[in-house]
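**Student:** Once you've had a glance at the structure underneath, I'll fire off some questions.
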Amino acid sequence: MTEQGGQGGGTVSGAQSLVTSLEAAGVTDIFGIPGGAILPAYDPLMDSTRIRHILVRHEQGAGHAAQGYAAATGRVGVCMATSGPGATNLVTPLADAHMDSVPLVAITGQVGASMIGTDAFQEADIRGITMPITKHNFLVTDPADIPGRIAEAFHIASTGRPGPVLVDIAKSALQAQTTFAWPSELHLPGYRPVTTPHAKQIREAVRLIKDARRPVLYVGGGVIRAGASSELARLAALTGIPVVTTLMARGAFPDSNPQNLGMPGMHGTVAAVAALQKSDLIISLGARFDDRVTGNLDSFAPHALVIHADIDPAEIGKNRHADVPIVGDCKEVIAQLVAVLTAEGPDADYEAWVAFLSGVKQQYPLGYDTPATGLAPQYVIERLGEISGSDTIFTSGVGQHQMWAAQFIGYEKPNTWLNSGGLGTMGYSVPAAMGAKVGIPDSTVWAVDGDGCFQMTNQELATCAINDIPIKVAIINNESLGMVRQWQTLFYNERYSNTDLHSKRIPDFVKLADAYGCVGLACESPEEVDATIEKAMSINDQPVVVDFRVHRDAMVWPMVAAGTSNDEIKYARDLAPQFDEDDV
């Protein structure tokens, strides 16, 4: 965040102070929609030469676009909405950003200060509503407070464990006259994120690493948020310890590296799940022992000691006891582990453990059945990854297509896989892709979406077409709410209650794309896949939507059923892997 002194002489409106504050905070892009309470801010925003405002079609789209922008660039994403329904439409993206530690600032208008609490037109207590789902939030009624609150919001959102901050500004404060003064320093007593780990804890962690025989590096999204991928690569190379990367950490460690066992958890690889279950030491880096990773907690990794490093002390020991807790930024934690291990020499023997896991990885690779007729969705996604290349940014919705995109695309770099991991928000993909493309315009950005998810936020295609944001969308169209249908197949005797979307007939996605000013393509056979993807890749002056009409009965495997032990993993229906315990 840049610093600058106050403007000399004269007064400005609170609205002008807000725009100048956003410029001072380094904002270059805002996603939003005007309305009555925020309208005063939109007038001076029109004159800003530093800020591009992108008019979205729904406030949820603004929030997810700000998330995609932040996740792709590492900078704070910004969205703006009016009071009442405008603000409440931001609730889902705020909750999503809170769960996935995305730095985001939401600016909302509020009714005039004298009307707050009177049930005025378009009044909602957005500060109260969002208190549980924001890192912090403010209500501003005094225009003199605007620069300070904006500076604090950007500082809080981007430091420590990143997260969303909401600044709700009364219309009366935007309309009143004030003087602009950007703070030279911030006073936030009680907010002191610990970034540097305690040396004693680092030494204790190194002792456990050297004593272990079956260690695993359990890498979470915190490694990506900390920009710690190069440090992780050094730690892995130095120790030779196997690595698993959670759904939020795909790309933190290259999939091409033989030490990478893939993704753990409910739909993780057999090798990654086995590594955690049979380990004697879990080195957790920026991960939170989420239920989708651990399965039944009572039976998770029963013989493992735990080193848990996280910048948020509230996460340490929340779900699993930490034998060595380390509070600190992952970048610094890993760098110090590397320094001490280098000085002392790693000198541990993990050869038998690595050989065992390599055998599991070879015996139980990710795979899928090719249907006798029709198109396998996994094949589409596999080819999409191979043809588009490792520099491509992929976003996804939530469900089967999300898991297949996490499984069958090889991720080599951080910030190239953006998804709604914690909240699981259908409709995330298209607006997040839009935000990522705005943040990194020279990158190819593919939104991998389901036919259900796509119908929740596809109106943002209009935003993309009008604003020259040429994203590419791959709809994995199985005519269903696919993941729900999979559970109905497995657990509800194939009773498909309200999961059939009829999306191969209504809507016609190719015509819909055309109506939105995009190029619409369709693909129904394996023979057409490569040519269709290559045609989409060749179009870079407008958005492209590809309707991949896939086999509807494809399922996501491996799978650990919700609430069961990871030991009960199945790599296909009714097929469980067999491990020889003597090999470990």
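The values are calculated or read from the model by the stated rules, or taken from the named source; none is laboratory data. As the structure is a computational prediction, the values presented were derived from the model and not from experiment. For neighbour counting, all protein chains shown are included, and Cβ atoms are generated from backbone atoms with ideal geometry for every residue, glycine included. Note: accessible area is taken over every heavy atom of the protein model, side chains too, but ligands, DNA and RNA are not part of it. Shrake-Rupley method; radii C 1.70, N 1.55, O 1.52, S 1.80 Å.
**Student:** Run the helix sum for the chain: -39,500 (n - 2.57) per DSSP H stretch of 4+ residues, divided by residue count, reported at 222 nm to the nearest 500 deg cm²/dmol.
**Tutor:** On the way: 23 runs with 215 residues, N = 584.
So the calculated ellipticity at 222 nm is -10500 deg cm²/dmol.
**Student:** Moving on to the next point. Whose amide H sits under 5 Å from the amide H of ARG214, counting only residues 5 or more places off or on another chain, with H placed in the peptide plane?
**Tutor:** ASP280, LEU281
**Student:** Would you work out if the stretch 134-227 is rounded, prolate or oblate? Take a ≥ b ≥ c from the square roots of the eigenvalues of the alpha-carbon gyration tensor; rounded if a/c is under 1.5, else prolate when a/b is larger than b/c, oblate otherwise. Display every interim value, and only then the final one.
**Tutor:** Working: a/c = 4.85, a/b = 3.02, b/c = 1.61.
The shape class here is prolate.
**Student:** Oh, and also: Mind checking the dipole of the stretch 278-349: about its Cα centre, +1 per Lys or Arg Cβ, -1 per Asp or Glu Cβ, Debye to the nearest 20? If you can, show how the numbers build up before the last one.
**Tutor:** Working: 6 positive and 13 negative charges, 45 e Å.
For the stretch 278-349, the charge dipole is close to 220 debye.
**Student:** Can you give me the accessible area per residue for the chain, using a 1.4 Å probe, in Å²?
**Tutor:** Details: 22510 Å² over 584 residues.
About 39 Å² of surface per residue is accessible.
**Student:** I would also like to ask the following. I'd like the Karplus ³J(HN,Hα) series for the stretch 288-294: coefficients 6.51, -1.76, 1.60, θ = phi - 60°, whole numbers in Hz, and an x wherever there's a Gly or Pro.
**Tutor:** 10, 6, 5, 4, 6, 8, 7
**Student:** Then there's this: Between MET46 and ASN319, what FRET efficiency comes out of the Förster formula 1/(1 + (r/R0)^6) with R0 = 56 Å and r the beta carbon distance, rounded to 0.05?
**Tutor:** Computed FRET efficiency for ASN319 and MET46 comes out at 0.70.
**Student:** Cβ neighbours within 10 Å, averaged per peptide: list 453-459, 115-121, 509-515 in order, most packed at the top.
**Tutor:** Working: 453-459: 23.3, 115-121: 12.4, 509-515: 17.4.
Highest mean packing first, the order is 453-459, 509-515, 115-121.
**Student:** Angle check, please: helix 482-491 long axis (alpha carbons) against the longest principal axis of the chain (alpha carbons), in degrees 0 to 90, nearest 10.
**Tutor:** It works out to around 40 degrees.
**Student:** Shifting gears a bit: How far apart, in nanometres, would the label points at GLU568 and LYS210 be if each is projected 7 angstrom from Cα along the Cα-to-Cβ direction?
**Tutor:** Placing both labels 7 Å beyond Cα along the Cβ direction yields 4.2 nm.
**Student:** For the chain, give the percent of accessible area contributed by carbon and sulfur heavy atoms, probe 1.4 Å, rounded to a whole number. Can you show the working numbers first?
**Tutor:** Numbers: 11300 of 22510 Å².
Heavy-atom surface of the chain belonging to carbon and sulfur, 1.4 Å probe: 50 percent.
**Student:** Which cross-chain or sequence-distant (5 or more) residues have an amide H under 5 Å from the amide H of PHE138, H modelled 1.01 Å from N in plane?
**Tutor:** Distant-sequence amide H within range of PHE138: LEU166, VAL167, ASP168.
**Student:** Between SER390 and residues 5 or more places away or on another chain, which pairs have amide H atoms under 5 Å apart, with H built 1.01 Å from N, and which residues are they?
**Tutor:** Those qualifying (amide H under 5 Å, at least 5 residues apart or on another chain) number zero.
**Student:** Something else about it: Please give the peptides 524-532, 215-223, 253-261 ranked by average Cβ packing (other Cβ atoms within 10 Å per residue), highest first, as a rough proxy for protection. Don't jump to the answer; show the numbers that get you there.
**Tutor:** Values: 524-532: 15.2, 215-223: 28.1, 253-261: 17.9.
Packing proxy ranking, top to bottom: 215-223, 253-261, 524-532.
**Student:** Taking the Cα centre as origin and putting +1 on Lys and Arg beta-carbons and -1 on Asp and Glu beta-carbons, what dipole magnitude results for the stretch 447-584, to the nearest 20 debye?
**Tutor:** Values: 11 positive and 24 negative charges, 148 e Å.
The dipole magnitude comes to about 720 debye.
**Student:** Estimate the FRET efficiency between ARG203 and ASP142 by the formula 1/(1 + (r/R0)^6), using the beta-carbon distance for r and 41 Å for R0, to the nearest 0.05. Let's see the in-between values first.
**Tutor:** Values: r = 50 Å, r/R0 = 1.21.
FRET efficiency, ARG203 to ASP142: 0.25.
**Student:** May I pose another question? Could you order peptides 338-351, 411-424 by the average number of other Cβ atoms within 10 Å of their residues, highest first? Show your work: numbers first, answer last.
**Tutor:** Values: 338-351: 13.7, 411-424: 22.1.
By packing density, highest mean first, the sequence is 411-424, 338-351.
**Student:** Taking θ as phi - 60°, what are the ³J(HN,Hα) couplings along the stretch 511-517 by the Karplus curve (6.51, -1.76, 1.60), each to the nearest whole Hz, with x for Gly and Pro?
**Tutor:** Computed from phi, the couplings for the stretch 511-517 are 5, 4, 4, 4, 4, 8, x Hz.
**Student:** Relative contact order, percent, of the stretch 458-538 when contacts are C-alpha pairs under 8 Å separated by at least 6 residues? Walk me through the numbers before you get to the answer.
**Tutor:** Details: 55 pairs, mean separation 23.1, N = 81.
Relative contact order here is 29 percent.
**Student:** Another question, then. Give me a comma-separated list of calculated 3J(HN,Hα) values for the stretch 540-545, in order, Karplus coefficients 6.51, -1.76, 1.60 applied at θ = phi - 60°, integers in Hz, x for any Gly or Pro.
**Tutor:** These are the phi-based 3J(HN,Hα) values: 10, 10, 7, x, 10, 10 Hz.
**Student:** Kirkwood Rh over alpha-carbon pairs of the stretch 426-584, then Stokes-Einstein at 10 °C and 1.306 mPa s: what D in µm² s⁻¹, rounded to an integer?
**Tutor:** Working: Rh = 17.5 Å.
The diffusion coefficient I find is 91 µm²/s.
**Student:** Report, to two decimal places, the Cα Rg of the chain normalised by 2.2 N^0.38 Å (N = number of residues). Don't skip to the answer; put the middle values down first.
**Tutor:** Working: Rg = 24.6 Å, N = 584, 2.2 N^0.38 = 24.8 Å.
Against the empirical 2.2 N^0.38 Å value, I get 0.99 for the chain.
**Student:** Continuing with the same structure: Using a Förster radius of 41 Å, what is the FRET efficiency between VAL354 and SER184 based on their Cβ-Cβ separation? Nearest 0.05, please.
**Tutor:** Details: r = 53 Å, r/R0 = 1.30.
The calculated FRET efficiency here is 0.15.
**Student:** Next up: Going by a ≥ b ≥ c, the root eigenvalues of the Cα gyration tensor, does the stretch 7-61 fall in the rounded group (a/c under 1.5), the prolate group (a/b larger than b/c) or the oblate group? Numbers along the way, then the final one.
**Tutor:** Values: a/c = 2.70, a/b = 1.59, b/c = 1.70.
Oblate is the answer for the stretch 7-61, as a/c is 1.5 or above yet b/c matches or exceeds a/b.
**Student:** Moving to a separate point now. In the P(r) worked out for the stretch 202-244, what percent of Cα pairs fall beyond 11 Å?
**Tutor:** Details: 626 of 903 pairs.
Considering the stretch 202-244, 69 percent of its Cα-Cα pairs are separated by more than 11 Å.
**Student:** Normalised radius of gyration for the stretch 1-150, please: alpha carbon Rg relative to 2.2 N^0.38 Å, two decimal places.
**Tutor:** Details: Rg = 14.7 Å, N = 150, 2.2 N^0.38 = 14.8 Å.
For the stretch 1-150, the normalised Cα radius of gyration comes out at 0.99.
**Student:** Using a ≥ b ≥ c from the Cα gyration tensor of the stretch 291-351 (square roots of the eigenvalues), is it rounded, prolate or oblate, where a/c under 1.5 gives rounded and otherwise the larger of a/b and b/c decides, a/b for prolate? Please list the in-between numbers first.
**Tutor:** Numbers: a/c = 2.83, a/b = 1.39, b/c = 2.03.
Oblate, because a/c is 1.5 or more while a/b does not exceed b/c.
**Student:** Next question, about the same structure. Regarding the stretch 341-493, what whole-number volume in Å³ per residue does the convex hull of its Cα atoms give?
**Tutor:** Details: hull volume 28.6 nm³, N = 153.
That works out to 187 Å³ per residue.
**Student:** To the nearest 10 square angstrom, what accessible area does TYR571 show with a 1.4 Å probe?
**Tutor:** 90
**Student:** Separate question: Specify which residue in the list GLN277, ALA37, GLY240 is farthest towards the positive end of the charge dipole of the chain, using unit charges on the beta carbon of Lys, Arg (+1) and Asp, Glu (-1), about the Cα centre.
**Tutor:** Highest projection toward the positive end goes to ALA37.
**Student:** Right, something else. Quick one: putting +1 on the C-beta of Lys and Arg, -1 on the C-beta of Asp and Glu, what dipole do you get for the chain around its Cα centre, in Debye to the nearest 20?
**Tutor:** Values: 40 positive and 64 negative charges, 118 e Å.
Magnitude of the dipole: close to 560 debye.
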